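Peer 1: Sharing a structure here in structure tokens format.
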Amino acid sequence: MRTGFPLATEGSNSGGMSSPVFIGSRIYRGSVYGPRHPLSIQRVPAVTDLSRALGWLPEARYRTSPRAKPVALTGFHTPAYIAALQAAEAAQQVSDEVRARHGLGTLSNPVFPEMYRRPATAVGGGLLAAELVRDGGIVHNPGGGQHHGLPDAAAGFCFLNEPVLTIRRLLEMGLGRVAYVDIDAHHCDGVELAFEGSERVRMISIHEARRWPFTGALGDRAGGAAFNLPVARGFNDTEFAFALEDMILPAVEAFRPEAIFLQCGADALAEDPLARLALSNRSHVAAVRALRQMAPRMIVSGGGGYNPWTVARCWTAVWGEITGEDVPERLPPEAEAVLRGLDWHRKGRPDPALFTTLLDFPRDGAISDDLRADVARLQARLKEAA
């Protein structure tokens, strides 16, 4: 693999890539935003452990995520914000002025021990992924996908914006067109802000309507760079398949991307507490399967997802699709033990199937007339742009 551009990370070692690569890090293990925060759960460690328990993650496919250097973070974020984020981690407190200006030390974006190093590692994983796919290939970076981060402030649990910095890296490497597809339940406002009006990045987002951050309306074009499809509560697998085939894939194909970044947030699943969509993880797997054929390079990140069992199962199933594994009908004891070992501050225990299986039962249903009409409007936009 050529390495024409040096990695903007600390302690990085990209190596060659002849097969799919999974990027992880020990920094995620035990790191939480706080005991009652939605990100009080273990996500990347659970995906790593579950993939290993299934025999899907040999060391040859695993890379340790480096930490992005501060100078690399200023490719999108202001130097003042990066300095404030580092200072907040060091002091484990922020002033009222910093809280007001930079959104640090709030209920959504609290002070916690790894509040700089953890997101900087997620970005480092994205930058490493960009290097790894330089000559083609696919990488899973489940620690990435923080799509709400703003240039001068944290927002929506996102202290840094990994997708923006990773896509900018791909463009710096000489790629002419990158398609960004986001299936998180929440709209990718930070990414849209970064690439508004771009002719080199096409953004396609499916997200729940009338949910925070209350952006991404159907008519929001971001200067022509974005195709937004807000969907109603109860959005099901049948509707997702319809939107995938009739909106997402045509929008990607028409753009002829050299790379695809798929933000694979798991909060659109039915069991997630922070959204009201009704997908199964089969929809996420289907998106990976379909999009992988449309560009020689692909990066699949994590994103939202606040139920520990559904996140672990979803992103592991995505990794299994990436690596071409056969999913067992029932998980082996070692894998089941990983899921049974997870905990959550919320009361109650999950459905037993979340312990013993990897793929959800399909959650099919009717396709709403509103969805058909909205997809038709986006199809008309595509024809105009052709």
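Peer 1: Of the residues L229, L175, L244, L249, which single one is buried (at least 18 other Cβ atoms within 10 Å of the Cβ), closer than 24 Å to D369 by Cα and in contact (Cβ under 8 Å) with a residue 60 or more places away in the chain?
Peer 2: Unique residue meeting the criteria: L229.
Peer 1: For the range 9-26, which positions are modelled with pLDDT of 50 or more and either surrounded by 21 or more Cβ atoms within 10 Å (Cβ to Cβ) or in a loop (DSSP other than H, G, I, E, B) (or both)?
Peer 2: If the condition is that a residue be modelled with pLDDT of 50 or more and either surrounded by 21 or more Cβ atoms within 10 Å (Cβ to Cβ) or in a loop (DSSP other than H, G, I, E, B) (or both), then T9, S18, S19, P20, V21, F22, I23, G24, S25 are the ones that fit.
Peer 1: Collect the residues in the range 329-361 that are in contact (Cβ under 8 Å) with a residue 40 or more places away in the chain and in a helix (DSSP H, G or I), keeping them in residue-number order.
Peer 2: E334, A335, A337, V338, L339, L354, F355 - these are the residues of the range 329-361 that are in contact (Cβ under 8 Å) with a residue 40 or more places away in the chain and in a helix (DSSP H, G or I).
Peer 1: Separate question: What is the one condition in (1) more than 26 Å from G145 (Cα to Cα); (2) touching a residue at least 12 places away in the same chain (Cβ under 8 Å); (3) in a helix (DSSP H, G or I) that A376 does not satisfy?
Peer 2: All conditions pass for A376, except number (2).
Peer 1: Let me ask another. Give me a count of the residues in the range 150-168 that are of a type in the set (G, A, S) and assigned to a loop (DSSP other than H, G, I, E, B).
Peer 2: Matching residues across the range 150-168 total 2.
Peer 1: Now, a different point. Only one of D267, D326 is among the acidic types (D, E), surrounded by 24 or more Cβ atoms within 10 Å (Cβ to Cβ) and not in a helix (DSSP H, G or I). Can you tell me which?
Peer 2: One residue alone meets the criteria, D267.
Peer 1: Can I ask one more? Kindly establish whether P58 is in contact with a Ser or Thr (Cβ under 7 Å, 6 or more places away or on another chain) and more than 18 Å from P308 (Cα to Cα).
Peer 2: So P58 fails the test.
Peer 1: Looking only at the range 214-237, which residues are more than 19 Å from A278 (Cα to Cα) and acidic (D, E)?
Peer 2: Matches in the range 214-237: D220 only.
Peer 1: State which residue pairs qualify: first residue touching a residue at least 60 places away in the same chain (Cβ under 8 Å) and of a type in the set (S, T, Y) and inside the range 268-295, second residue assigned to a helix (DSSP H, G or I) and buried (at least 17 other Cβ atoms within 10 Å of the Cβ) in any location, beta carbons under 6 Å apart, and separation of 6 or more residues or different chains.
Peer 2: Here the result reads S280/D237; S283/D237; S283/F240, each pair linking the range 268-295 to a residue that is assigned to a helix (DSSP H, G or I) and buried (at least 17 other Cβ atoms within 10 Å of the Cβ).
Peer 1: Select from the range 67-103 the residues that are within 20 Å of L193 (Cα to Cα) and either in contact with a helix residue (DSSP H, G or I) (Cβ under 7 Å, 6 or more places away or on another chain) or β-branched (V, I, T) (or both) and list them in ascending order.
Peer 2: A72, L73, T74, G75, F76, T78, Y81, I82, H102
Peer 1: Please verify whether the range 41-54 includes one or more residues that are out of contact with any Cys (no Cβ under 9 Å at 6 or more places or on another chain) and surrounded by fewer than 17 Cβ atoms within 10 Å (Cβ to Cβ).
Peer 2: no
Peer 1: So, one more: Could you check the range 344-386 and list, in sequence order, the residues that are exposed (fewer than 11 other Cβ atoms within 10 Å of the Cβ) and of a type in the set (S, T, N, Q)?
Peer 2: none
Peer 1: Another question, if that's okay. State all residues of the range 185-215 that are free of Cβ contacts under 8 Å to residues at least 40 places away in the same chain, out of contact with any His (no Cβ under 7 Å at 6 or more places or on another chain) and buried (at least 24 other Cβ atoms within 10 Å of the Cβ); if no residue qualifies, say none.
Peer 2: E192, F195, V201, M203
Peer 1: Go through the range 141-168 and report how many residues are surrounded by fewer than 24 Cβ atoms within 10 Å (Cβ to Cβ) and over 14 Å from the mean Cα position of the chain (by Cα).
Peer 2: Here the count works out to 6.
Peer 1: Considering the range 216-226 alone, what residues qualify as being in a loop (DSSP other than H, G, I, E, B), over 24 Å from A270 (Cβ atoms) and in contact (Cβ under 8 Å) with a residue 24 or more places away in the chain?
Peer 2: The answer is D220, R221, A222, G223, G224, A225.
Peer 1: Let me ask something additional. Give the residue, chosen from R36, R101, R67, that is at pLDDT 95 or above, among the basic types (K, R) and under 30 Å from N307 (Cα atoms).
Peer 2: It is R67.
The values are calculated or read from the model by the stated rules, or taken from the named source; none is laboratory data. All values reported here derive from a predicted model rather than from experimental measurement. FYI the Cβ positions are ideal-geometry reconstructions off the backbone, even for glycines, and counts take in every protein chain you see.
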